[in-house]
Amino acid sequence: MLSSRADPVDDYCREQIKTRGIPGMSVGVVRNGRLVKAAGYGLANVEAKARATADTLYLIASMTKAFTATAVTMLADDGKLSIEHPIAKYIEGTPASWQTITIRHLLRHTSGIKNMPELPDWDETVRSDYTPQQIIRQAAAMPLDFTPGSQFHYSNTGYTLLAFIIEKVVGKSYEECLRERILGPLKMDATRVDSRSDVIPGRATAYYRSRSRGTLYNAEYFSPQQYLGSGCLLSSVRDLAKWDIAMSTGKVFSDTKVDPYHARMFDLGWGKTGDPDHRSVWTGGGLYGY
C-alpha cells in the first residue's frame with residue numbers, strides 16, 4: 001500500500017506548483033519494478049476545483065509514439081509487416097517521392113516527410129477532424145524536406161502514417177489494436193485515445209499561462225484525429241508505471257532475450273541519453289496545455 005505521509009517528493013512538487021504556476025500535476029515513482037509512490041498535486045480542473053490525483057488522466061502527447069512503435073514492432077514479430085517495407089505497400093495514393101520511404105524511416109524520423117504542425121497555416125486547420133485520406137493528401141502535397149534516410153527531422157506526420165499502417169494491417173482501429181496487444185495485457189485500463197466529444201471521467205483540463213500577464217487560460221482546442229499515433233493518448237501515472245515496468249523487465253515482447261530498452265526499441269520511438277553506467281531511455285511529450 002502506498003503511503004500518504006509527506007516526504008521530500010511531496011515538498012518538491014508542491015513548491016514547483018507554487019513557484020512555476022502549475023495548475024496541477026501527478027507523479028509516479030517506480031523502483032526495482034514496483035510502483036513505490038503515486039500522487040497528485042494541485043488541481044486537475046481549476047474552475048471546478050477538482051484535485052489532481054494519481055488517477056487523473058492527462059494527454060501524454062508524444063509519449064504516444066512509443067506505443068505506436070511498439071505496436072509496429074509486434075506486428076513485425078508476427079510477420080504481418082516488415083519495417084523495411086516501403087510505406088507505399090500499405091498506404092494508397094503515395095506520391096513518387098515517397099516510393100523509397102520505409103516503415104523504418106517513419107519510426108526513426110528520417111523519412112523527410114513534412115512535419116505538419118510546422119506548416120504556416122497549421123493553427124488554422126488543427127481543429128479540423130480530418131480523415132486519414134485527407135491527412136495523407138495534405139502530407140503528400142508537400143515536398144520532402146530531404147532524401148529519405150539522409151537526415152533526422154522530428155515528424156508527427158510520420159507517426160500518424162504509422163497509425164494508418166497499423167489499421168490497414170490489422171483491419172481494426174488504432175485504439176483497438178493497442179487495447180488488444182498492449183493496454184489490455186498490461187491492464188492499462190485507464191489509457192485510451194483522446195476524444196473531445198466523449199465524456200471522460202478524471203480527465204484533466206489543459207491550460208496555458210500568459211507570459212505577459214501571468215493569467216491562466218484554457219488551452220486551444222485541437223483535433224486528436226490529426227495526432228493519431230503521434231500524440232493522441234490519455235493516460236495516468238498508475239498506467240504509465242505499468243508500462244514502464246513492463247518495458248524495463250522485458251514483458252512486452254515474447255522474446256525475453258532482447259532488452260527492449262537498450263537494444264530492440266532503441267531509436268524506434270525512444271531516445272537514449274547518458275553514459276553506459278547512467279543510461280536514460282526516455283520519451284517525452286507536450287501539446288496544447290499538457
Problem set entry | Average projection area in nm² (convex hull over Cα atoms of the range 113-208, one quarter of hull surface) | 8.6
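Can you tell me the dipole magnitude for the chain around its Cα centre, using point charges on the Cβ only (Lys, Arg +1; Asp, Glu -1), in Debye to the nearest 20? Display every interim value, and only then the final one.
On the way: 35 positive and 31 negative charges, 124 e Å.
Charge dipole of the chain: 600 debye, to the nearest 20.
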Exercise. Got a sec? Charge dipole of the chain, +1 on Cβ for Lys and Arg, -1 for Asp and Glu; which of Leu75, Asn115, Thr191 is way out at the positive end?
Worked result: Thr191
For this session: For the chain, evaluate the Debye formula with one uniform point scatterer on each Cα (no solvent term) and list log10 I(q)/I(0) at q = 0.13, 0.14, 0.16 Å⁻¹, rounded to two decimals.
Result: -0.97, -1.11, -1.39
Exercise. Taking the Cα atoms of the range 1-125 alone, what are Rg (to one decimal) and Dmax (as a whole number) in Å?
Worked result: 21.3, 61
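Mind listing which chymotrypsin sites (Phe, Trp or Tyr not before Pro) in the range 196-245 are in a DSSP loop and have 14 or fewer other Cβ atoms within 10 Å? It would help to have the intermediate numbers written out before the result.
Numbers: sites: Tyr207, Tyr208, Tyr217, Tyr221, Phe222, Tyr227, Trp243; in loops: Tyr221, Phe222.
Those that pass, being in a loop and sparsely packed, are Tyr221.
Rounded to the nearest 20 Debye, what is the dipole magnitude of the range 132-217 about its Cα centre when Lys and Arg each give +1 and Asp and Glu each give -1 at the C-beta? Don't jump to the answer; show the numbers that get you there.
Working: 12 positive and 8 negative charges, 74 e Å.
Once rounded to the nearest 20, the dipole reads 360 debye.
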Seminar exercise, completed: Dividing the helical contributions, -39500 (n - 2.57) per DSSP H run of n ≥ 4, by the residues of the chain yields a 222 nm value, nearest 500 deg cm²/dmol, of -7500 deg cm²/dmol
Problem set entry | Candidate lysines - alpha carbon under 16 Å from Lys187, same-chain residues fewer than 8 apart omitted | Lys242, Lys251
Seminar exercise, completed: For the range 65-129, inverting the pair-averaged 1/r of distinct alpha-carbon atoms gives a Kirkwood value in Å of 13.5
For this session: Any aspartates and glutamates with Cα under 13 Å of the Lys172 Cα? List them, leaving off those in the same chain fewer than 8 positions away.
Result: Glu180
Seminar exercise, completed: Of the candidates Ile166, Gly42, Leu233, the farthest towards the positive dipole end of the chain (Lys/Arg Cβ +1, Asp/Glu Cβ -1, centred on the Cα centre) is Gly42
Seminar exercise, completed: For Lys37, counting only aspartates and glutamates whose alpha-carbon sits under 15 Å away and dropping same-chain residues fewer than eight positions off, the answer is Asp7, Asp10, Asp11, Asp55, Asp239, Asp244
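Quick note: the coordinates plus some simple rules give every number you see, no bench work behind them. Bear in mind the structure is a predicted one, so any value in this text is a computation, not a measurement. Backbone-built Cβ (ideal geometry, glycine too); neighbour counts: all protein chains shown.
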